[in-house]
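Quick note: the coordinates plus some simple rules give every number you see, no bench work behind them. Just so you know, these numbers come straight off a predicted model, no measurement behind them. Please note: Cβ atoms are built from the backbone with ideal geometry, for glycine as well, and neighbour counts cover all protein chains shown.
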Amino acid sequence: MGTKKLNILLIEDDTIEVMKLKRAITKLEMDHELIEAQNGEHALELLRSMNKLPDLIFLDLNMPKINGLEFLKIVKQDPVLQFLPTVI
């Protein structure tokens, strides 16, 4: 029985942290799709233009433009996005 391929949105402005997550996914031999956004503003643009929403969001708190808490507040007020699982 295979594992479901997840669409993961990573919202992170630190290149090192992005590399760490990519390495972890590779080491675990997971074939998930990773979509990257450098800040909350970029992530909101991506979410609003996606045909298929992500299964999971990994969210950094300290970012430029729209930080993690502001992003989360906006998402939780959106009837379409409010139920997306988000890990901070």
So for F83, F58, F71, fewest C-beta neighbours within 10 Å to most, what's the order?
F83, F58, F71
Would you list which lysines come within 24 Å of K27, measuring only between C-alpha atoms, while excluding same-chain residues fewer than 8 positions from it?
K4, K5
For the chain, the dipole about the Cα centre with charges only on Cβ (Lys and Arg +1, Asp and Glu -1), to the nearest 20 debye, works out at 260 debye
Loop-only check: which trypsin sites (Lys or Arg not before Pro) in the chain are DSSP coil with at most 16 other Cβ within 10 angstrom?
K4, K5, K52, K65
